[in-house]
Each structure stands twice: as C-alpha cells, then as structure tokens.
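The values are calculated or read from the model by the stated rules, or taken from the named source; none is laboratory data. The structure displayed is predicted, hence computed values, not measured ones. So basically every Cβ, Gly included, is an ideal-geometry build from the backbone, and we count neighbours across all protein chains shown. These accessible areas exclude ligands, DNA and RNA; they are computed on the full protein's heavy atoms, side chains included. Shrake-Rupley method; radii C 1.70, N 1.55, O 1.52, S 1.80 Å.
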Amino acid sequence: YMAAQTLQQPSFLLANLKADSTTKPLLQRCQDLVKIIDEYPAKELHLIFPWLVESVFGSLDGILTGWNLRLLHSRNNEYNIAMEFLNPSGPMMKLVYKLQAEEYKYEIPVNYLPGPVKASIQEGVLPDCPLFHNKLQFPLSGLLTLNLALNPFEFFMFNFAYCLITPKSYPPGQHGSSTDSAYFVLVDTYLKYFLPSEGSVPPSPFSDSRGSVTAASPRSSSVSFAGYGVHSPSLLKHHIFHQPSVNADPSAQEIWRSETLLQMFVEIWLHHYSLEMYQKLQSPQVKEPFTPTEEHVLVVRLLVKHLHAFSNSLKPEQLSSSPSAHSHTHTSPLEEFKRVVVQRFVQQKLYLFLQHCFGHWPLDASFRAVLETWLSYIQPWRYTGEKSNPQPDQNRAVPDKWESFVQENLLIYTKLFQVFLNRAVRTDLVNVKNALMVFRVAKVFAQPNLAEMIQKGEQLFLEPEHVLHHRQPRGYLTPGQGGSYLSSRQRVVTDMVFRVKSHVYALEGQDCQYKQMFGTELRGAVMKLMQIIAQARQTAKRISDHSNEVAANNSFLSWFGLGSSDLNNTFSGAEPEESGECLKKTHEFLDRALENLCQIFKLNQGQLTQLLSNLCSSEDDGNCKQLPDCIQGENGLILTDLGRRQIINGLRRFDIEYRGDPELQPIRSYENALLVRLFYRISSLVNERFGEHMNSLCSRPDFLGRLSRHYFTDCNSTTKLKQSPSSQHTLDRNRRPRLSLRPLASYRTMLLLLLFYMFGALLSLGPVSSTVLILAAGFLYGLFMTVFGDKLKTH
C-alpha cells in the first residue's frame, strides 16, 4: 500500500498544483513551490518539472502564454516575484540542479528545433552543434515524430530561449520591444552569472552526474587542414567540445553550464539560416523560414555585447599566449572558453542572421535595432571594461591588437557594409531617424586605423593561391625539427592569409565572388549614396524653409481671409520627424555622414565640392515642381526606378488632390462639427429637390449660366492633373452642380460674420439690414468674378 501511495503521490501533487494555478495568486503559488522544491525528493519533483517549465515560459506552440515574461515590467506587482523565483540562484534553478543530480531526461520534439538543425537530423546528418549529439529518441512511427532527450538544465534553457521566438499576440497598447521586461533582464542576469567576466561560475549545490552533457576534451594544437572552403563551421571553428567520454577532463565540469547556455542561446536565437538556405532565399518564390522581431534583435544585441565583454576579460597573460601553444596546463577551462567563444560559436550564425535581416527588414526606423547589433559586433574594443575613457572620442584610433579580429571577421565588415549601402540608397534620408543610421555607420567606419585594417584584410584575401603552398600546420616547427626555413615574417603573413581566406570561404562558400569594399565598383556606389545624401540635405532645407513660410502665413491675420483655406492643403504629408528641430538634426547628421565617408574612402574636399556642384546644376529649384520620372503605360503613368528615388528623397512628387465628395471630407479642427452635419443635411435636401434646375441653369452658355456655375460648382474641379490608373474611373464623379453650405461652419466665417454684425450694430443697423447687406455683397462679388474672373486668372 505504501509503495502504491508513493507512486500516486506525484500525480496528486501535480493535480493540486494545476488546480492552484487557476485559483491562487502568483506570490502564494511561488511560496508553495519553494516548500515543495525543498521538501520533496527528486523522483517526485521529476513529474511536475515539465508542467512547471511550461507554466512559466508558455508552451512551445505559443498557445499557453505562461507568466508572460516578455510583457512583465518592473511597474507590475508580479515582476519581483518572478525575478526572485527565476534568479540563477533561486528556487527554480535549485529544482533544476536537484533533478540534474539524477539522470532524468525530458523530451523536446525535433520539429521545434531551428530549421537547419531540424533539416540535418531529418536527413540523417549529425548537426554542427554538439549540444544535439547523442540525444535522439527514435520512435517506431517514423522520422516525423523524432524527439530530443535533454537533461534538466538543457530542457530549462531550451524553453527559456524558445520563449523569445514563440509568436505572441500582444494586448492593445502593449508591445514586446522593451528592454526593461522581465525576460530581457533575466537574459542579462543569466549571461552575467554563467558567463562571468570576473571570477568563475558558482558550483551546483548538488552533486552532478551531468548525464549526456557534452564534455571538453583536450584540443590538438597542431590540427592541419587539407584545404579550406569546406562548407562547415568546423573549418576554423572546429569544436573544442566533443562527444561525452567516460574519461572526460574533470576540470571541464565547471563550465558545462556556461557552454550549454551559450550554445542553446546561439542555436535557438541565431541558427535559423544556413548558407545553402540563404542562397535559396535569394529567389523571390521561396518563403522565408523565420522572421525575427525587433525584440528578438535587441536580445541578440545584448548577447553580442556580453560575449565581447566576456571574451575581453581574458587575462593579459592568457591573451598574449598563442592559441597554437602546446601547453594549456595552466589555462582554466573558463579562460580557454573566453578565447574561442566569439569566433567558434557565434560568428557564422550571427553573420547569416544579420545578412538576412539586412536584406529583408522593412525600410523603416525599426532597422536601428539590427544596425546597432551589427555595429556592436564589429567594435569589440568598446567592451574592454576600461574606464579610462568613459566618453569615447571619435578620433581615438582602433588599437593594433584588434587587427586579427578584423581579419577573421572581414565579411562582417565589408559584405554587410555593401548590403547597408543598398538599403541606404532606397531609404528616405530626409527622415531624421534614417539620417541618423547613415551617420552612425559612417562614424563607426571612420574611426582612425579601422579602414586601413579592413583594406589590409582584403589585400591578404586577394593574395595568390601559391602563397599557401608552403604553409605548415598551426604549430610551426623550428628548422632544426624539420620545419620550413621561411622567415618568421613570412610565416606570420602566410598564416594571416590562410586565416582570412578560410574565414571568407567558410561563410560564403569556395565559389563566392568577393567584392572589395575599397574597390572601384563599391566606390561608385558610395559616390551614388553621397549624391543621395546631398539631395536629401537640399530637400530637408527646402521643407524647413517652406514650413517656416507656412508658419508665418498661418498667423491670426489668416482668420480674416488672408491665409489659405484650401482643404486639400491640410494633408501635407509631413511626418513629425520632418519638422522643426528634426530637420536641423537631419541636416547635421547628413553633413557629418558626408565628412566621414570622405574620410573612409580618401575623398578630398575638391572631389566632394565637384560632386555637390554637379548635383546643384542638375537639380535646380524648378525640378521640385516637376512630376517624378514616369513612363506611360496602358492604364496610366508608371514610376521608373529614378522616379521612386525622387519621391523617397522628396525631390519631386505628384500633385495629390482629394477626389471624393468634398462635403464628406473629415471635419477639420477649424470647423464646428455640429454645424457641418446640420448644413450638410440642409444642402443635401436642397440639392435633391432642386438638382435638375441647378443643372439646367449651369448648362446655359450665357451670362446667367456663368453666374450659376460660380455659385453651384467647385472652381477647383476643372483643374487638369495627370491621373493614376485607379483615379481615372472617378474623374467625373461629384462634379454635378450643387449648393454647399459647409464654408458657413468654419470658425473663421462665423467670426467674420460676428464682426460684421457688431460693426452694423455700431452703425445702428439691425440684424435684418446687416443680413441683406451681406447677401448683396456676396451677389456683387459673384457678378464681379463672373465678369472679370477669367482675366484675373490669366494674370
């Protein structure tokens, strides 16, 4: 009986917890869980663990939302409760370690793995990441229901990482891009705890069998490569962590959680694109396998920044030693991990991730998150922990010690810069947020010494193939040991050439066509961007001047009829970023971007002046009143690529005019809503009752017909504009003669009438007499415009 009761108790415990989850508040539930984790043995906690993880992070399919960590902010009452429970040294992690001490496994369907990993497993190929080795559970029903058996720590971190990419439907008014959410703060906390810049990872409070966690094995220091360019991350980044071994290095025990956390984050957040998949994506018929969100990219940037800080915290004596040294006996596993973490675990997957974002992200200001992630990765010197220069100086040169990093990441500098150029020329640079992004990139690449490092890396890549024929293995032998008699300088250059070529071919494939960042073709693209920047500066100035003129005209005097009352001018299309101070900032950002681009590509002031003078001569003030460049198609005008760029940069535009019923336009701020609706009903009744009579009057060719047309038709309706295909069908709509009383609902009109009646009262005129005078004045004005209107228009 006792044995049966023991077997049934966990189910009873799980049922109670499920019932409590719908009735008890979070605080009480967490207090209960703390007691349960402390008091119950691992074999009973084992059955509640999958449910608990799902109740916190939500289900993998997104149906269950869990604690909604991505929407939980510090102003929420439950924030501190969740943070304390999920802290790296909190109750939840204690449960993980308690289960980790046993050999429990938890299954994850292969279908939830990132695309390339899932494809490899389903094709029977071992995935690149050793995290997924020796964990497959083969069912009898076939490949479609494959599962991975993960230990408790892996299972917890998988669900935590997957929580970020699970599709969420946010309540109205809430979004998930905030960097102060519980999820974002937890990511930061876990990174600092398991990848510490100082000290080591605190040990588990329980003895740890580790199950099938991959172990570190001694790395051969003289690995030789038969060739380079194989499409494999193991080319330069051969894994230092191999399959589990009974005789695995015990010292690796202290960092297995660090490597597990990093590999899980990188795989779940970044490994959604392979080289082959990315090449297929260039076809427009192929559907994107995964689309990251802004929130996702912000978390990736947090990861990149922390990994740089983690890697840069390597002790100077360890940093100065050669990676190919034979003796690593005095190097701790954590220090060794810091040495290789960025290049071997992150580089390739982050490159493909960023390249996809650069090519597919919308052309709007939200791209800033992607841009800053890229700029963070290519500036590891910003995360060295040095406090001597808290405000970085733009003129501070990039230290020479970062030359090897630039060479080993050459494509992430040059290829992504070229992709960014393609985005920039299609972006509205008058918008201050877009202008800021161009300025940021130009400023980063203009740092002294960086352009020279990139140029040197390109020269090394373009070295002839025969340079590599004398290359020895990475652990060079002395001449006395049978090594090459090449000079030390030659060996260093040969090694650098091999390193750069291996990097490029590993990321792009051996058949890649490399385009030089400082080559003739790209220099032409940069000159084109500089022209567009100069055009955007002119446009920003023109909009600013026009805005100032409009502001001056729309003074109190406009209430007396001296300003424009055209309803169509109300929608100018100006964004908040295109007004006032923002336009000044736009001009400043674009000016400095031009200066930095000249500095990067060694353009002198004379070349820049010539470029701008050519622009000024080709784009005169008259051009802004012309239509964008178009060709005539079957259904009307069709924009060319030049026309699109002219519209994007505000150089030319179509004359946009409201084509619907003028009486049904939205009520303006200077109109009385009640009167607009009242006068619309009155005029509709009159037009319905006397429409035929007005139509016959306006059709007459004599003076009476002209006078009727002045009062009963819209004088702007006869303006001839080039039409888009969709508007040609509605050209003649709403042109029938009609009475419009809507101008009387304007506050300006009411004020003028009030002043007139007050003036009449001063002259001892009654309301009736004043009304007769107003009607007479209106009639005389109509006579005058009928007789002399055409002559006034010609002048």
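Before moving on, here are some points about what is shown:
- Extension gain, ARG681-ARG75: 0.36 nm per intervening residue step, less the Cα-Cα distance, totals 213.1 nm.
- Measuring with a 1.4 angstrom probe and ignoring ligands and nucleic acids, PHE679 comes out at about 40 Å² accessible.
- To the nearest 10, the accessible area of TYR104 is 50 Å² with a 1.4 Å probe.
- If you sort SER769, SER699, SER181 by accessible surface, 1.4 Å probe, largest first, the order is SER699, SER769, SER181.
- A Förster radius of 51 Å combined with the Cβ-Cβ distance from PHE690 to ASP511 puts the calculated FRET efficiency at roughly 0.05.
- The calculated FRET efficiency for the pair GLN455 and ASN87, based on their C-beta separation and a Förster distance of 35 Å, comes to about 0.15.
- Distance between the modelled labels on PHE290 and ASP32, one decimal in nanometres: 3.6 nm (7 Å Cα→Cβ projection).
- Placing a pseudo-label 7 Å from each Cα along the Cα-to-Cβ vector at THR145 and VAL493 gives an inter-label distance of 6.4 nm.
- The stretch between GLU103 and SER366 holds 90.2 nm of extra length on full extension. This uses 0.36 nm per residue minus the Cα-Cα distance.
- The ASP545 and MET750 beta-carbon pair, evaluated with R₀ = 45 Å, returns a calculated FRET efficiency of approximately 0.85.
- Surface accessible to a 1.4 Å probe, MET758 within the full protein complex, Å²: 110
- Applying a threshold of 30 Å to the alpha-carbon distances of LYS98/LYS349; LYS349/LYS456; LYS456/LYS584; LYS415/LYS541; LYS35/LYS305 flags LYS98/LYS349; LYS456/LYS584; LYS415/LYS541; LYS35/LYS305 as lying beyond it.
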